[in-house]
Amino acid sequence: MSAAIQPVPVPPAKSTRKLGRERSVGVRNFRERVILGLLIACGVFTVLTTVSILGVLIVNTWEFFGHPIRDIQNNEVTVTLGDFLGSLHWAPTAEGAVRGFGIWPLIVGTAQVTVVAMAFALPLGLMTAIWLSEYASPKVRNVVKPVLEVIAGVPTVVFGYFALTFLTPLLRIDFLQTAATDPATGEALLGPDGSPVMVPWNPFDFGVYNATAAGLAVGIMCFPIVTSLSEDALRAVPRALREGAYGLGSSRFETATKVVVPSALSGIIAAFLLAIARAVGETMIVALAAGASPPALHRSLGDAVALNQDTQTMTGYMVQVFTGDIPHGGVEYLSSYTVAFTLFIITLLLTLVGAAIRKRFRQVYE
Amino acid sequence: MSTLQSSIQDTHAGRKPTYAPRDPQTRRKKDRAFLVLCVATACFAVLMLATLLTSIAADGVGRLGWDFLTSLNSLRDPHEAGIWPALVGSVFLLVICAATAIPIGVGTAILLEEYRPKHPTLRWLHGFVQTNISNLAGVPSIVYGILGFSAFATMFGLFGSMTDPGLTVGQTWFYQYRDVAGNTYYTAAPAEAPEELPGASADMTYYTSVQLDEIADVAVLAAADLAPLQERIEADVDVIAETLKDMLYATRETRRGPVVVPGSVALEIGQAAFADTNLKADTQELLQITVGRLQAMDGKTAREIRTDRRALVDELEAAEMKAAGVDGQIIAGSTPQRRDVREPWYVQFPFGTSVLAGGLTLMLVILPIIIVASQEATRSVPQSMRHGSLALGGTKWQAIQQVVLPAAVPGICTGSILAMSRAIGEAAPILLLGAGFVSFTPVLREGGNLMDGFSAMPLQIYNWTKDPDAAFKQTAAAGIIVLLTVLLSFNAIAVFIRQKYTQKI
């Protein structure tokens, strides 16, 4: 045992060059802490953004409901929440008896544009998504998908221009002709050559500003979003499900409609809700093409479906107040904050419902 | 075995099978029809977008050109209106937006992805920040406009109003005095406007420029001291004016008819008027002024000429006053104008409707997009790379800084560029700030700064489209082409970065 293994002395490693500076642990830890602090500050900033949005909207909404106005008898009153949610008359900038503070016309105006937009974008978007994910070859898909993404990035003011200069004139084409009659006698008017005089007309009677053109433009804007997101949801359905369906003898149509779409339903609905939220919050298109008077629901409820006449959405009203010469601090000015708060709540609900649906109904395939 | 069979039979007892066997030919037809329908909708959508682009291109291509890109906007003439101020405005908005949104966005993404806390309360906070960001992404951009207006343009009313800012940096005030000849001289002034502006007096020091580097040779005179000089000049000019009047009226055919002053006659009249004068000013110069004026009178009636003649006399008097050496003679007690000079770094609080407020507002809009994109980019960096760095003794931040971030940069760049292209097309938030028409080049003009008012390309397009004059629609279409070109190049850069760098990891 005397021949115990002697430990071979290891010569200390001689580094020929110095790798980095040696720093004190204290300095290093301090630096780590400072950086973490900065990062937390960034995170706090995002929370602060939400808090400020809520703060600005709530404070001004509060002021709106507390702001003294004159009623018809010249008494000092304030707008109540009951007036706001219970009245069908919206005219905060008017004076006297015709003044009204009911939000519903603006909500209905927003709904008009959104419904037209979604009637266009949802079916078309879903069909295109099914075609892209189930039928199209990878080559086609690799071309179409990026193109859709680029189109999704086109500024909305461009769609507004398109609505005003292309869609509206298209809708207003007088495509029918009727023989003109003499208003006095009721007889058909004849031209110099003996043939009846024809008067062109349009049965839909679209106005220069109308909900349909604005809605269609919003729909075209939302179409790439619906397509892209639905296609992502459809593609996430595992191959095995499709192959199972094919194995049972289904056609591609049956596989797509009875297996793939139901499996991807949560993603598709989330995509739809996102598109609806975008349509509700869309500003530039409606500011250009929808006009500036919300449906007069207090006069006739039928105005709610008058898609051929001008309308105003919540966002349109906000633009009107902020770009017009309405004095700051008045009740008309404050009303735009209340409208903004309403809009914020509606879009927040849509976002939350979308997230909840995605979470609750998501099928996890593993 | 039998129980299983019976249970199956139980479930199906009395029910028709859900999928009745169908005729294979019908099924095949249905399949075909569906494919045709799908392709038709896709084609319709593509056609719609193609229509959009061609209709805009057809409208706008005629107005495009170098002039359109480089000229200032015009409210009156759609053929003169250019996009230059809006283009410059957009560039500065973008720079401010990128400089603020990218650091904050990437910072938040790193916080969320790399620093996942273990403590339950902190975990809840962490989740809260994450949920908050996905909700922020769904907030309509116009709501950010309202926030930007309150937080940046007016700063919640904490520092006075937009037009009378409570706090300024880089602004100097001067009193500006005018001498008899119309030259300007400056004296330093306090930042606060006094109740009464100080009248000119001999014990003040006057400078030739706002730099206050050269003391001006200024004499402060009582108004009475200048009177003899003025009297003399008036008398001299009166003689000339009389001669002009006589000769001018001699050219008329009838008593009340229009004068006839073609070029040669004007010169003749002028020379005769200045034939023997003892004026100190350069006679040639005065002659030039006179001849020009006289020619402009050609064909005018007697009454119109009276005002023209008066203007001419005033001009001659002013020229003669200058020649008589009244430069640097300020009449005592004359009140100055308050003038401010703003340095390039001038900042005011609140920001008002300025480029800075606009850029910060757009920052709020795109922040959630940048955060989500950066989170995805950091998440895609393999865990093993972090472990490698930590195993070598690096700290957490060293791992992030030297391993994670470099690997995530292409993803962050792509996301940021796409977010920027969103910002450049966003009009609603800055519309609410009150931005719109400007007839100068923001920031880049002489004396410009980040507090200048601004316009941006989408905003300019909106204003042109909204204009009742239909000819502005073409200008708007040309603006759209410029905007889309910028956007497409942004997208191309993003795609290029994605293609070039993603495979390397």
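Would you mind telling me which residue in A:V208, A:V25, A:V305 has the biggest mean-square fluctuation in a Gaussian network model of chain A, where springs connect alpha carbons within a distance under 10 angstrom? Highest fluctuation of the listed residues: A:V25. For region B:223-327, the Kirkwood estimate of hydrodynamic radius, built from reciprocal distances between every pair of different alpha carbons, is 14.2 Å.
Sort A:82-94, B:355-367, B:383-395 by the packing proxy (mean of other Cβ within 10 Å over each peptide's residues), most packed first.
In descending order of packing, they fall as B:355-367, A:82-94, B:383-395.
Computed from backbone phi with θ = phi - 60° and the Karplus coefficients 6.51, -1.76 and 1.60, the 3J(HN,Hα) list for region B:178-193 is 10, 8, 4, 7, x, 6, 10, 10, 10, 10, 5, 9, x, 5, 7, 6 Hz; x is used for glycine and proline.
The length gained on full extension between B:Q383 and B:D203, counted as 0.36 nm times the residue separation minus their Cα-Cα distance, comes to 57.1 nm. Phi angles of region A:57-68 translate, via the Karplus equation with coefficients 6.51, -1.76, 1.60 and θ = phi - 60°, into HN-Hα couplings of 5, 5, 4, 6, 5, 4, 5, 4, 6, x, 6, x Hz per residue; Gly and Pro are given as x.
When you restrict to C-alpha pairs under 8 Å that are six or more residues apart and normalise by the size of chain B, the relative contact order lands at 26 percent.
Listed values for region B:54-68 are Karplus-derived 3J(HN,Hα) couplings in whole Hz (6.51 cos²θ - 1.76 cosθ + 1.60, θ = phi - 60°), namely 5, 5, 5, 4, 5, 5, x, 5, x, 8, 5, x, 4, 4, 4, and x replaces Gly and Pro. A straight Cα-to-Cα reach below 14 Å connects B:K29 with the aspartates and glutamates A:E254, residues fewer than 8 places away in its own chain not being considered. Each peptide in A:68-77, A:245-254 was scored by the mean count of other Cβ atoms within 10 Å over its residues; highest first, the order is A:245-254, A:68-77.
With a Förster radius of 25 Å applied to the beta-carbon distance between B:W173 and B:D314, the computed FRET efficiency rounds to 0.15.
Taking each residue in B:422-430, count the Cβ atoms of any other chain within 10 Å of its Cβ, then average. What number comes out?
4
Relative to the globular-protein estimate of 2.2 N^0.38 Å, the Cα radius of gyration of the protein assembly as shown stands at 1.30.
Which three numbers, in whole Å and largest first, are the semi-axes of the equivalent ellipsoid of chain A derived from its Cα gyration tensor as √(5λ)?
57, 36, 20
Computed over chain B, the per-residue total of -39500 (n - 2.57) for DSSP H runs of n ≥ 4 gives a 222 nm mean residue ellipticity of -19500 deg cm²/dmol, rounded to 500. Label separation (B:Q284 vs A:S195): 7.8 nm, computed from points 7 Å beyond Cα along the C-beta direction. Taking a point 7 Å out from the Cα of A:E243 in the direction of its Cβ, none of the residues of region A:266-299 has a backbone N less than 16 Å from it. Counting Cβ atoms of other protein chains within 10 Å of each Cβ in A:243-250 and taking the mean gives 1. Taking Cα atoms only, the orientation of helix B:223-250 departs from the longest principal axis of chain B by about 80 degrees.
Highest average first, the peptides B:430-439, A:125-134, B:159-168 ordered by how many other beta carbon atoms sit within 10 Å of their residues are A:125-134, B:430-439, B:159-168.
For the segment B:142-155, counting C-beta atoms of other chains within 10 Å of every residue's C-beta and taking the mean gives 5.
With 5 Å bins beginning at zero, the pair-distance distribution over Cα atoms of region B:282-418 amounts to 2, 7, 9, 8, 7, 6, 6, 6, 5, 6, 4, 3, 5, 6, 6, 6, 5, 3, 1, 0 %.
Calculate the FRET efficiency for A:N74 and B:A227 from the Cβ-Cβ distance with a Förster distance of 51 Å, rounded to the nearest 0.05. Step by step, r from the Cβ atoms, then E = 0.25. Computed over chain A, relative contact order equals 22 percent, with contacts defined as Cα pairs under 8 Å that lie 6+ residues apart.
Close amide H pairs (under 5 Å, H built 1.01 Å from N) link B:A181 with B:G328, B:Q329, residues at least 5 positions away or on another chain.
Based on the Kirkwood radius over alpha-carbon pairs, what is the Stokes-Einstein translational diffusion coefficient of chain B at 25 °C with 0.890 mPa s viscosity, in µm²/s?
80 µm²/s
Taking 7 Å steps out from each Cα toward its Cβ at A:V51 and B:E234 produces label points 7.1 nm apart.
Laboratory data are not the source of any read-out in this text; all were calculated from the coordinates shown. In this text the structure is predicted, and so the values were computed from the model without any measurement. Virtual Cβ from ideal backbone geometry, glycine too; neighbours counted across all protein chains shown.
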